[in-house]
Amino acid sequence: MALNARELVLFLNSSRGERGFERVERAVGQINRYAEIVRSVSYQTRALAGAAESHAREREAGQLQREINNFLDQTRVWVQFGPSGRWRWMARSVSQSRGPSRSFSTGASLVLDAVVEGYIRLIRRCPACRAWFAIRRPWQKFCLDECREKHFRKSSEGKARRARYMRGYRARLKRLAENLRLAAQKRKKR
Ligand SMILES: [Zn+2]
């Protein structure tokens, strides 16, 4: 894991519901979503994805791009090369502010560092427990195996419930059709 990925993950997971903090979290979520769209476009060809869907995605990507750039416009950071002979560009916060805007400037400099060094692509949010984490493998979706299992157990339980419901539904339809047929027969006999 990149050196500061851990710091960014810690920051994101320490939500205290502050406005500055939430702006940072939202921006990381938007960068994430943008990356997801880009991945889905490169995996499926446009023809396969269908024109309407790809238009919707393009619109969403455009909106995300504007919002991400708004966030970047509000950040005040400087970039440093180093430290000591290592090939590393490092983003640091310019703001010395205390108080409410402090979490924004801290978070923004961590995000900028992740952007400059490229590890922003590794930062994801677990769909099961909503915790932020850094992926260790490119296909990793959940923070822990536990979360992945929980997620699939839940979805397979859901599927089983739906299947049970559909079986009952089809049986009710069949009974209804049978009753209608019997009623029609009775009418004919009369
Ligand atoms: Zn999780």
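Filter region 113-136 down to residues that are surrounded by fewer than 16 Cβ atoms within 10 Å (Cβ to Cβ) and within 15 Å of the ligand (Cβ to nearest atom), then give me how many there are.
Summing the residues that are surrounded by fewer than 16 Cβ atoms within 10 Å (Cβ to Cβ) and within 15 Å of the ligand (Cβ to nearest atom) in region 113-136 gives 5.
Taking the stated definitions as given, is Glu146 acidic (Asp, Glu) and near the ligand (Cβ under 8 Å from one of its atoms)?
Yes; evaluated as a whole, the condition is true for this residue.
Does Ala183 qualify as being more than 16 Å from the ligand (Cβ to nearest atom), modelled with pLDDT of 85 or more, over 26 Å from the mean Cα position of the chain (by Cα) and assigned to a helix (DSSP H, G or I)?
Considered against the rule, which asks whether it is more than 16 Å from the ligand (Cβ to nearest atom), modelled with pLDDT of 85 or more, over 26 Å from the mean Cα position of the chain (by Cα) and assigned to a helix (DSSP H, G or I), Ala183 comes out as yes.
Could you tell me whether any residue of region 134-151 is of a type in the set (Val, Ile, Thr) and more than 15 Å from the chain's Cα centre (by Cα)?
No.
Among (1) more than 30 Å from Arg86 (Cβ to Cβ); (2) of a type outside the set (Val, Ile, Thr); (3) part of a helix (DSSP H, G or I); (4) modelled with pLDDT of 85 or more, there is one condition Arg161 misses while meeting the rest; what is its number?
(4)
Note down all Cβ pairs under 8 Å where the first residue falls in region 25-50 and is under 21 Å from Trp139 (Cα atoms) and outside the structural domain of Gly118 (by TED's automatic domain parsing), the second is modelled with pLDDT of 80 or more and exposed (fewer than 15 other Cβ atoms within 10 Å of the Cβ), and they're at least six residues apart or on different chains.
Sorted first by the residue in region 25-50, then by its partner, the list stays empty.
Can you list residue pairs whose Cβ atoms sit under 7 Å apart, with the first residue in region 111-140 being touching a residue at least 24 places away in the same chain (Cβ under 8 Å) and more than 20 Å from Ser40 (Cβ to Cβ) and the second being within 10 Å of the ligand (Cβ to nearest atom) and in a loop (DSSP other than H, G, I, E, B)? Count only pairs 6 or more apart in sequence or on different chains.
Ala131/Cys143; Phe133/Cys126; Phe133/Cys143
Which of (1) in a helix (DSSP H, G or I); (2) more than 16 Å from the ligand (Cβ to nearest atom); (3) farther than 24 Å from Trp78 by Cβ does Ser103 not meet, given it meets every other one?
Here Ser103 clears every test but (3).
Please name all residue pairs, on different chains or six or more residues apart, with Cβ atoms under 6 Å, provided the first residue is in region 141-158 and is assigned to a loop (DSSP other than H, G, I, E, B) and the second residue is modelled with pLDDT of 90 or more and aromatic (Phe, Trp, Tyr).
Cys143/Phe133
Within region 74-81, is there a residue that is away from the ligand (no atom under 16 Å from the Cβ), within 18 Å of the chain's Cα centre (by Cα) and in contact (Cβ under 8 Å) with a residue 24 or more places away in the chain?
No, region 74-81 has no match at all.
Counting just the residues of region 1-19 that are closer than 28 Å to Gly82 by Cβ and more than 19 Å from the chain's Cα centre (by Cα), which one comes out modelled with the lowest pLDDT?
Among residues in region 1-19 that are closer than 28 Å to Gly82 by Cβ and more than 19 Å from the chain's Cα centre (by Cα), the one modelled with the lowest pLDDT is Met1.
The values are calculated or read from the model by the stated rules, or taken from the named source; none is laboratory data. Here the structure is a predicted model, which means the values were calculated and not measured. Heads up, the Cβs are rebuilt from the backbone with ideal geometry, glycines too, and the neighbour counts pull from every protein chain shown.
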